[in-house]
Amino acid sequence: MTSKQVKPPAGAVRTASGAVRPVSAVRLTGGLLRDWRHRNSTATIPHTIGRLRAAGNVANLSRLLDPDPAPYRGRYPFLDTDLYKTLEGLAYDLGDGRAAEPVREFYEEVVGLIERVQAPDGYLNSFFQDPAAPKKPWEDLAWGHELYNLGHLIQAAVAAHRRMGDDRLLRVATRFADLVVSRFGESGVCGHPEVEMALVELYRETGERRYLTQAARFVDRRGTGALRHSIFPGDYFQDHLPFRELPSVTGHAVRMGYLAAGAADVLLETGDPSLAETLERLWDDMVASKLYITGGLGSRHSDEAIGDRYELPSERAYSETCAAIAVMQWAWRMFLATGGATYVDVFERVLHNAYAVGLSAEGTAFFYDNPLQRRPDHEQRSGAEPGGEPLRRAWFGCPCCPPNIVRWMAQLADYVAAERDGAVLVAAYTPARIEGSELDLAMETGYPWDGDVRLKVGRAPRGPYELMLRVPGWARDVSVAVNGEPPAAAPRDGWLTLRRVWTAGDEVRLHLPMPVRAHGSHPYLDATRGAVSLARGPLVYCVEQQDSPVPVDDLVLRARDIVNANIERRDGAVVLHVAAGSAPPPSAELYPELPAAQPETPADVTATFVPYFLWGNRGPQAMRVWVRTPAHEI
């Protein structure tokens, strides 16, 4: 292990290009995000390590050291990636000195195995390196996931190098990447995008432009006949049209998100205007017609796909946890490329809802798919197995989501702030220490439970400098004061910009009012027509049967009762008590004839709504995000 730090610790995305660049010297000092990271370190990481050992991921590597290897364990050829994603998360904890000794031992063991089993030419894949493997390396680019594996290896290697000063994985990853550049310089592309992001990050870390060039080639190669499709048609792989010609986000949701994020990385480093136009167009279309209110992406179980515009069923929402991470990766890169606050708005919505719901409160059980409604007889499933557990699971046969959660939780501080020459931009509100290139800030807040934010200036430049505070799209009547005095500043394009000569000790107070909001849905969205959902701040709320005196399917909400909801702090979270009506028992007919007039349902019960990300921690009962409204409000 190389002990000398070659560069200062940096975040997951390290770019000097784009409209803004990330501030990586951020330390979480309290609040929900720090609690999540602490839970990741103390519960999710140890649990994940145990499951990786039990499932055979580690043994799949070690067996290759035997002359006659034992059979590969697992159904899928990409299970090495679950080790790589976990190592990426461990690099943050080890670099910060927060990891327990068993975690360090696991890291050392796996890194050592990876070094020893890598083939002389740089190839690395425990499935295809087995002499008894049913296929040869590179034989099945659609389903082999070999380049996808490389992508996660690179990201783990870069994290270890940046956070720990450990270059062992980086040497392994560059050898494999060099092999790929040599082999795929002129043709070929992976069936599962991911390597594009990683190759650009490898370019940023090493300065070797050939990695950026190869990433751009992989983006441009899609839809050109370079991939032989099997099982699913080309649109599943985002390979039926060239990327720049896609009319909408389509196909497998995780693949789509990773491809767009990789293309955004290429955009950041090249400034390609046609790529910028494509990404903005696809993003706008997705947000307008294909994202769940939670920020989840993907409405189809059959092929884990995005579906048509406005095809957003609640109880069958797939909304895979990995897709939530992919959308955040895309959003953050678009923010860096443009400085646009709306991208951070979506990032925040996904983080606090579609992503956070994937992990149980204790940190050791996971949702793979994340519906917005649970019926009383629902069974939670992943894939085609018979039966299913009622809620989150400890592990999966395809365990891509749990290690993805591990690595993302570990790097939450990387997505708090950004800067450009003459300005620092506060993108996320959470207790933290932010050390920019010229301006340091100490932030205190109870966000997302309340909207009061206090920032105290530490180190400051001598001349005028801008402090830019994001004003979330849901926020109204925002107020700000500097040293107790309101400045002559108003929000513009999602940012409230304060320009002045700062002095150590200056204090900024931002107030983001957080009334309870009632949301309807677009009239084309048939699944939730005539229903309403609740939100407060960045959080979407839901009602569980435990908190409703009548079946949740019979609850009826009026918009005026929602905005007058009573707010209560319970177990560290904010819950909402809402006056509601109880609909009369429905007809036994599946399609009854409607009467000429629909009577108004009186508000005769009170239901409690909890943050969506907390649902499913008290037992398998019914749940709804979208609740019926009186007929006259439809």
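Starting with the fewest neighbours, write out Met256, Met443 ranked by other beta-carbon atoms found within 10 Å of each beta-carbon. Arranged by neighbour count, lowest to highest, Met256, Met443 become Met443, Met256. Centre-to-centre, using Cα atoms only, segment 65-140 and segment 16-38 are separated by 29 Å. Only helices enter the 222 nm calculation for the chain: every DSSP H run of n ≥ 4 contributes -39,500 (n - 2.57), and dividing by all residues gives -10000 deg cm²/dmol, rounded to 500.
Between the listed residues Gly463, Gly296, His192, the Cα displaced farthest toward the positive end of the dipole of the chain, a dipole computed from Cβ unit charges relative to the Cα centre, is found at Gly463.
Sorted fewest first by neighbouring Cβ atoms within 10 angstrom, Glu348, Glu108 come out as Glu108, Glu348. Candidates Ala442, Ala418, Trp502 compared by Cα position along the dipole of segment 417-511: farthest toward the positive end lies Trp502, with charges placed on Cβ.
Full extension of the chain segment joining Arg53 with Thr270 gains 74.0 nm, where the gain is 0.36 nm per residue of separation less the Cα-Cα distance.
Here segment 447-579 is treated with +1 on each Lys and Arg Cβ and -1 on each Asp and Glu Cβ, and its dipole about the Cα centre works out to around 700 debye. Note on segment 417-511: Cα convex hull, mean projected area over all directions, 5.6 nm². What label, among [x] 28.9; [y] 33.0; [z] 24.7, belongs to mean projected area of the Cα convex hull in nm² computed from the structure on display? Given [x] 28.9; [y] 33.0; [z] 24.7, the structure-derived one carries the label [x].
Compared with the alpha-carbon gap, the fully stretched path from Thr213 to Arg570 is longer by 123.3 nm at 0.36 nm per residue. Which of the three applies to segment 518-633, rounded, prolate or oblate, going by the alpha-carbon gyration tensor with a ≥ b ≥ c and a/c under 1.5 meaning rounded? In terms of gyration-tensor shape, prolate.
Between His38 and Arg309, the simple spin-label model (points 7 angstrom out along Cα→Cβ) gives 4.7 nm.
Relative contact order of segment 32-146, taken over Cα pairs closer than 8 Å and 6 or more residues apart, is 31 percent. Placing unit charges on each Cβ (+1 for Lys and Arg, -1 for Asp and Glu) gives segment 24-115 a dipole about its Cα centre, and among Gly112, Val26, Leu65 the Cα reaching farthest toward its positive end belongs to Val26. Taking label positions 7 Å along the Cα-Cβ direction at both His240 and Glu593, the computed distance is 4.3 nm, reported to one decimal.
Placing +1 on each Lys and Arg Cβ and -1 on each Asp and Glu Cβ, with no other charges, gives segment 167-276 a dipole about its Cα centre of roughly 300 debye.
Segment 301-356 and segment 141-170 have Cα centres spaced 24 Å apart. Each of Glu196, Glu208, Glu101, Glu201 has some number of other Cβ atoms within 10 Å of its Cβ, and from fewest to most they run Glu101, Glu208, Glu201, Glu196. The charge dipole of the chain, taken about the Cα centre with unit charges on the Cβ atoms of Lys, Arg (+1) and Asp, Glu (-1), comes to about 1120 debye, rounded to the nearest 20. Restriction of the trypsin sites (Lys or Arg not before Pro) in segment 299-344 to DSSP coil positions whose beta-carbon has at most 12 other beta-carbons within 10 angstrom yields no sites. Spin-label model, Asp553/Cys398: points 7 Å from Cα along the beta carbon direction are separated by 2.9 nm.
Between the beta carbons of Asp284 and Arg375, assuming R0 = 25 Å, the FRET efficiency works out to 0.15 to the nearest 0.05. Averaging the Cα positions of each part gives two centres, and for segment 438-472 and segment 494-558 these lie 23 Å apart.
Rule-based calculations on the coordinates, nothing more; no lab input. Computed from a predicted structure; not experimentally measured. As a convention, Cβ positions derive from the backbone with ideal geometry for all residues, glycine included, and neighbour counts pool all protein chains shown.
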